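We did not get these values from a lab; they are worked out from the coordinates using the rules stated. Keep in mind it's a predicted model, so treat the numbers as computed, not measured. Note: ideal-geometry Cβ built from the backbone for every residue, glycine included; neighbour counts use all protein chains shown.
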Amino acid sequence: MGDSCAMAELHLRPMTEAEFEAYLQRAISGYADQHVAAGSWLAEDAEKRAAAETAQLLPDGLETEDMLFFMAETEDGDAVGWVWLCLKSPRGERGFAWIYDIEVVADRRGEGYGRALLAAAEAELRLRDVPAVALNVFGPNVVAQRLYATAGYELMSQQLRKELT
C-alpha cells in the first residue's frame, strides 16, 4: 500500500484514560529497550529508569500540562498507531514542540502509516501555531532515521560509541 493512500485515511483523536494507561506501559518498556539496544543503559536498570523518567515528565498523567496523546486511526476506525507530543522542548523552552514517542502498531508497519502519523502530528502542531518540532531517535533505529530524514528533519546532534572489548 502506498503512502498517499494511508495518509488520506489517517486521523488523530485524543487518547482515552484507558488507552493512555495501556500505552504508558508499552512506552516505558519500549523506551527502556531502546536505551539498552543503544548501549546507554544496563538491562537490569532500564525499566526502572524509564519508569522514573516518564513519571517525572508526566506528574499529572494524561492531564499533564503541554503534553498531548493521540491515537491514529484509519477512516474505518482501526487504530494503527499513537503519538505523544509536548508543546515545548524537554528543557521547557517554547518555540518548538517535541515528539516524545511515535509508533505504528507492529502488524501495520510498512503500509505508509509512519509517514502519515508523522504528517498528522505535524499538522496538529501547526494548528496550535507551533513553528518547529524536534525529536530524538536512537542509533539502532535506522528505519525511523530514514523516515525522519525523508520527511525533512535535520540532524541536530550526534553521540557516538565504540566498544573496547
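Using the Cβ-Cβ distance between E93 and R161 with R0 set to 25 Å, the FRET efficiency from 1/(1 + (r/R0)^6) comes to roughly 0.40.
In the elastic network of the chain, a GNM with C-alpha springs shorter than 10 Å, the most mobile of L117, L42, L85 is L42. From its DSSP helices (H runs of at least four residues, each -39,500 (n - 2.57)), the chain gives a residue-normalised ellipticity at 222 nm of -13000 deg cm²/dmol. Angle of helix 43-57 to the longest C-alpha principal axis of the chain, folded into 0 to 90 degrees and rounded to 10: 50°. The angle between the Cα long axis of helix 17-38 and the longest principal axis of the Cα atoms of the chain comes to about 40 degrees, rounded to the nearest 10. Computed from backbone phi with θ = phi - 60° and the Karplus coefficients 6.51, -1.76 and 1.60, the 3J(HN,Hα) list for the stretch 94-105 is 8, x, 7, 9, 10, 9, 7, 7, 8, 8, 9, 4 Hz; x is used for glycine and proline. Amide H contacts under 5 Å for M15: F69, F70, M71, restricted to partners 5 or more places along the chain or on a different chain, H placed in the peptide plane at 1.01 Å from N.
Taking 0.36 nm per residue of sequence separation and removing the Cα-Cα distance, the S29/A106 pair yields an extension gain of 26.2 nm. When the chain is treated as a GNM with alpha-carbon contacts under 10 Å, the residue of A55, A116, A18 showing the greatest mean-square fluctuation is A18.
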